[in-house]
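Contents: one structure, followed by commentary.
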Amino acid sequence: MGIEDLGENRAISERIELLMVRARLRSLAELARKSGINRATISLKMNNHRRWNIEDLRLVAPALGVSVSQLLGEDPAAATQASSQLASAHGGADEFARRIRFLQSHAINETGTEVEELLKSVLAGGKAQSDPATLNAIAAHFGAPVGYLLDLGDLEMAERIEAQIDLRTALTESGVLNVAARSLGQLSPEELQAITRIIRQHGETGGTGG
């Protein structure tokens, strides 16, 4: 039997995404291998195109080192503990603040009052800095994966995401709108940075001059 409520289905996917960071699973392909669920099926469910069912969760839970009740949100104490562990285990306040500043400096959309309030709350520290819903909202606004704000110890991941965001900003500023995002995801940070430099140099010289 599938999870009937779309909001609940989405919440389960968000919990799985957060727990993947703690379990050091860097992709849905890794989760698929550990759980035994088809990669394409997991992708459809994570993107809310298909519903999670109890049989799925019984396979996913042990792969993430949690119980089915935690995935269903029926164990709030465990969920809070997991969020706190993520915040303390993966880096300090300075790195968190640096990443927030990076996102702010590369914002494409105007930051509204609601997002500004969320930013203030997380930079002030405390529970807000490890609240999954708050971090999800901030990451979504800036077009970054939530793991960027959670896994503060993974500097390689941060470098890759920042290079992608930097390139996206340069492309937007240059007026190039049609970009194959999937192709960009296959490039290394160094390759992304090189492309970004070329685009910005092109913009500074005023285009082709034709």
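Nothing in this text is a laboratory measurement; each read-out follows from the coordinates by a stated rule. As the structure is a computational prediction, the values presented were derived from the model and not from experiment. Heads up, the Cβs are rebuilt from the backbone with ideal geometry, glycines too, and the neighbour counts pull from every protein chain shown.
Legend: calculated FRET efficiency, VAL68 to ARG26, from the Cβ-Cβ distance at R0 = 22 Å, rounded to 0.05, equals 0.40. When the Cα gyration tensor is reduced to axis lengths a ≥ b ≥ c, the ratio a/c is 1.5 or higher for region 1-60, and with a/b above b/c it is classed as prolate.
Going by neighbour counts of Cβ atoms within 10 Å, the residues LYS34, LYS120 line up, fewest first, as LYS120, LYS34. By definition, a body whose alpha carbon gyration tensor gives a ≥ b ≥ c is prolate when a/c is 1.5 or more and a/b is larger than b/c, and region 88-152 fits this prolate description. Spin-label pair GLU190-GLU114: with each label point 7 Å from Cα along the Cα-Cβ axis, the two points sit 4.3 nm from one another.
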